[in-house]
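Data block below; observations after.
The values are calculated or read from the model by the stated rules, or taken from the named source; none is laboratory data. Since this is a predicted model, take the numbers as computed values, not measurements. Note that each Cβ is placed from the backbone with ideal geometry, even for glycine, and that neighbours are counted across all protein chains shown. These area figures cover heavy atoms from the full protein model, side chains too; ligands, DNA and RNA do not enter into them. Shrake-Rupley method; radii C 1.70, N 1.55, O 1.52, S 1.80 Å.
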Amino acid sequence: MVNPVILVGGVLFALITYAVLYIRIYNKKKLELIDWFMLSLATFNGLGFSFVFWATNNGTNSSFWNQYISMYDNQTAVMYLLSSIILSLSTAFGWKIFKSLKPSKLINEKNMSGAYTIRIIKKVKLVAWIMLILGVFSYALYTNAYGGFLGLLNYSIAIRSGIMSINNPFSFLQRFGSFAFFSSFIFFGLIIDKTIDKKHIKRCFWGFILSLSFSIYVLYSWAGRVGALIYLATFMLGYLLHNYKTVTKLIRKLIILGVSLPLVLLGIDSLLSRSSSSIGITELFAKELSFPLASYVVQFGQDNYRFFKDIVVAPLFLLPQRIWSVMLNIEVASSYNTFVFFGARKGEAGVTGSIPVDMLTFANMQASIFGVVVVGLLWGALIYYLEIFVRKINPIGVRKVIYSNMILNIALLTVLYGDPQHIVIRNFAMIIGLILMTVVTKFKLGFQR
């Protein structure tokens, strides 16, 4: 039984972080990726920590997670909060250190807003159409083994659970369907960009409708709630970031958006029939937020450290799974975490799901508290690099939408899903799309002004 005073510590951690972020945002008049990450860490590892214990003690958590939450004692709970604080501080130091090494790279957005040309607009549109065509064609090959686009929907849950018996030689193309996501982000960014003459973005509306429609189909076939929420929220957040007048008004709108997203998640959950219709909102969120706490306590005290090998091999996760998993025998952190929970991995011995690792648990699995420090430093450096990279993207409307997806999929979601394999896979289309956009915009392709 954890002392209630310790649970108050989770709330204090969150409130203090919010206060520091408010002062920082008020002074800088903008939010950066480091701010979004700290906001997420304080919310999930602070408020989420206290909420899960409160819900469990009040009998509104599922029996499966109760057994793991009850493993906490005062010492483990304090270590969880202290480790979260260390992760936040080390990430801030990583950001600061990398910023001091690369200060000239951080370009002011105000100086970039009018720097693009009609040539760049045409190239960006070309990338959007290429990504959409590649996405549809690749997904057509992927779905062929299941009876086509409609036939796939009959196997969605089985594929997600890892119990599919149909051999699909094109299974690695599943993630290529997300290319349509990136395409829709570009089209939407061009449409909302008020600095572009509308005659230069003809057919973008129809491109957006096509890519949006196909993206919704892909998300439905994946049967993933969080992925669908992040996709829809990208447009909402991108529009807000592109059109806000003052930081104060932006924060107000962000609060409204933050409150509405859980309700959207409930709607998606109901649409996909992923939870019982009788489940209450408190039980749903207690269940969804319990796995980081359960993973941490299960891994706490384990001496079978991974010594950062997950980070070293992270680029390999861009390749088909049969290469890095079967041929190279690489087991990801989430797979090992699932094995520790159930004694078997996903798809084995009746195990139909995996237990993902959050960033804190992942860092602890590397080298205990030293792993937390190192992962925090590396993460701070990485998100700073992404910050300066995305500021070079033009047109500005496209930049804001892509940045919004980075906020949601990288800065916020990585707190809950910190396995490098998960990070790479859920950002697969973004990685390929940005590489393609960089290549296309740097070379002359015969466009006329």
The chain, Gaussian network, Cα under 10 Å: of LYS392, LYS346, LYS198, the residue fluctuating most is LYS198
The answer for the net charge of residues other than LEU21 whose Cβ lies under 11 angstrom from its Cβ, with Lys and Arg +1 and Asp and Glu -1, is 0
Probe 1.4 Å, heavy atoms of protein chains only: per residue, the accessible area of segment 130-204 in Å² is 49 Å²
For segment 244-273, listing trypsin sites (Lys or Arg not before Pro) in a DSSP loop whose Cβ sees at most 10 other Cβ atoms within 10 Å gives LYS245
Summed over the other residues with a beta carbon less than 15 angstrom from that of LEU47, with K and R at +1 and D and E at -1, the charge totals -2
Per the C-alpha gyration tensor (a ≥ b ≥ c, the square roots of its eigenvalues), segment 130-211 is rounded if a/c is under 1.5, else prolate if a/b beats b/c, else oblate; here it's prolate
Looks like segment 136-282, by Cα gyration tensor root eigenvalues a ≥ b ≥ c and the a/c under 1.5 rounded cutoff (else prolate when a/b is bigger than b/c, oblate otherwise), is oblate
Ordered by number, the chymotrypsin sites (Phe, Trp or Tyr not before Pro) in segment 232-269 that occupy a DSSP loop and have at most 12 other Cβ atoms within 10 Å are none
GNM on the chain, Cα springs under 10 Å; top mean-square fluctuation among GLY301, GLY376, GLY207 goes to GLY301
With only helices counted (DSSP H, runs n ≥ 4, each -39500 (n - 2.57)), the per-residue ellipticity at 222 nm for the chain, to the nearest 500, works out to -21000 deg cm²/dmol
Per its Cα gyration tensor (rounded if a/c is under 1.5, else prolate when a/b beats b/c, else oblate), segment 169-250 is best filed as oblate
Neighbours of PHE64 by Cβ distance under 14 Å: Lys/Arg at +1, Asp/Glu at -1, summed charge -1
Checking MET437, MET38, MET359 against a Gaussian network model of the chain (alpha-carbon springs below 10 Å), the top fluctuating residue turns out to be MET437
Residue ranges of DSSP H helices in the chain that stretch 30 Å or more (Cα, own long axis) and have mean Kyte-Doolittle hydropathy of at least 0.5 are 4-28, 74-101, 118-143, 247-272, 359-390
Contact order relative to length for the chain, counting C-alpha pairs under 8 Å separated by 6 or more residues, stands in percent at 29 percent
At the level of C-alpha centres, the distance separating segment 1-72 and segment 136-155, in angstrom, is 41 Å
Carbon/sulfur accessible area of the chain, % of total, 1.4 Å probe, equals 66 percent
Heavy-atom accessible area per residue of segment 1-91, all protein chains kept, 1.4 Å probe, expressed in Å², is 46 Å²
